[in-house]
Every structure is written in structure tokens, then in C-alpha cells.
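Read the structure below first, then the notes.
Coordinate-derived values only; no laboratory data. Because the structure is predicted, anything quoted here is derived from the model rather than measured. Here the Cβ positions follow ideal geometry from the backbone for every residue, glycine too, while neighbour counts run over all protein chains shown.
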Amino acid sequence: MSSTESQPAPRLVSDSQSEMTEIILPNDTNTLGNLLGGRLMHFIDLTGAMAAYRHSRTHVVTAAMDHIDFIQPVHVGDLLILKSRVNRAFSTSMEVGVKVWVENTQTGVLLHVASAYLVFVAIDQNGRRVHVPPLKPVSADEQRRFEGALRRREYRQAEARRRKLALQTQNGPEQTENAPA
Ligand SMILES: CC(C)(COP(=O)(O)OP(=O)(O)OC[C@H]1O[C@@H](n2cnc3c(N)ncnc32)[C@H](O)[C@@H]1OP(=O)(O)O)[C@@H](O)C(=O)NCCC(=O)NCCS
């Protein structure tokens, strides 16, 4: 990554906001006709990447997906609605929030299915990390998510250090050199 790159102009949350709607088909479901958790995570990853692309306007890779609770089952024939936005941009990484609802096609009732935070890292076409534009929060909600993103980043970093230390204690420093940070 070049340290001589100039800082790009800040982008707004509205620049990255993205939405995807999927109709749930039998191929997306288990033997009871409920949406598979892994398939939901795939849709979350894709919708999150859309926001990261729109913010950074470069290539991105998923670095992390936080804990997800599956609050509500989704059935074959339902509409799945996913919305994403960048919460905060750091140096080369961005935290993206994704929220998912299910819409019953017959009644129109919308229920919250899951929410997740993902971290995407911006790279160029040679796979080198590149700086991302800063994010400028405007509304009170955007400011709240912006502040929350910093707390979650600090928590992820502390957790990564804790896991590394635990592995070192378990295996010794040589075996843990290539373990994830
Ligand atoms: C993500 C990746 C680019 C990070 O590269 P790295 O050389 O380890 O980079 P660093 O540790 O120097 O961190 C670079 C940035 O990524 C962030 N990052 C790295 N690993 C992270 C993790 N596990 N969780 C959250 N953020 C992470 C760092 O905080 C840093 O952000 P910043 O530049 O905004 O401060 C690299 O690990 C990678 O390519 N992973 C595979 C990605 C992939 O294939 N995704 C698809 C999943 S199947």
C-alpha cells in the first residue's frame, strides 16, 4: 500500500446504501422448506459487498462477519429483503451493517430476520490493500452507528489478540505464526 496516496474526499452513508430482494426458492431451503442459514449468510455477504463497492469504488474482500442470530424462519416463497450501508471507514477497511427482513407475499407483513456487521478490505487488482475514503455521518442515527463501529473494531482487535495469546499458550509461538490475527 502506498503511503503517498492523497486522502480521498469523504463519502456519505447514502452513497453506499444498497438493497437486494430475493424470492426464496426450493434450492435455498432445507427439507422443511426453511431458508438455510448458510444461504442467508451468502445473501448478507453479497448485500454487504454492494455497499463496500459503492463506498470504495475499488475491489473488496470480506475480512470478517460478526456473530449473527437467526431471529425468524424464512419459508419457501417468501421475499427476503436485505439492506446495507457503510457505518464507518477506517484506513483500508470498512464496517458495513446489513439488516434482513422477510416479507410474506400474501399479507405483506414484514418481520426482522437477522442483522450482521461485516468488515470489508479494499484492494487493487493486484490484491494490494488501498486506502478508502472517509465516511461523513450526517444524521443522528448515522453518527450513532459511526461511533458504534469504532467500539466494535476495538472489540474485534481485542478478541483477535486474546485468541492469538490463547493459541500461543496452547501450542507455543512457532505454531501460531500463521494463525489468523
Ligand atoms: C482481509 C485481508 C486483506 C487482511 O490482510 P492483512 O495483510 O492481514 O491486513 P492487516 O492485518 O494489515 O489489516 C488490514 C486491514 O484489514 C483489517 N482486518 C484484517 N483482518 C481483519 C479481521 N479478521 N476482522 C476485521 N478487520 C480485519 C484491519 O483492521 C486493517 O484495517 P485498516 O487498514 O482499516 O486499519 C487478508 O487477510 C485476506 O486477503 N483475507 C482473505 C479475504 C477473503 O478471501 N475473503 C473471502 C472470504 S472466504
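Data overview
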{"quantity": "MET65-GLN168 pseudo-label distance in nm [points 7 Å out on the Cα-to-Cβ vector]", "calculated": "3.1"}
{"quantity": "In nm, spacing of pseudo-spin labels at ARG129 and GLN106 (7 Å Cα→C-beta vector)", "calculated": "5.1"}
{"quantity": "Prolate/oblate/rounded call for the stretch 100-148, Cα gyration tensor, a/c under 1.5 rounded", "calculated": "oblate"}
{"quantity": "Mean projected area (nm²) of the alpha-carbon convex hull when the chain is viewed from all directions", "calculated": "13.3"}
{"quantity": "Under-5 Å amide H pairs with ARG88, H placed in peptide plane, nonlocal only", "calculated": "GLU95"}
{"quantity": "Cross-link reach list, lysines versus LYS83, counting only Cα pairs under 17 Å and skipping chain neighbours closer than eight places", "calculated": "LYS99"}
{"quantity": "Helix 140-171 vs. the chain, principal-axis angle (Cα, 0 to 90°, nearest 10)", "calculated": "70"}
{"quantity": "Given charges at Cβ of Lys, Arg, Asp, Glu: the chain dipole, positive-most of LEU25, ALA158, SER84", "calculated": "ALA158"}
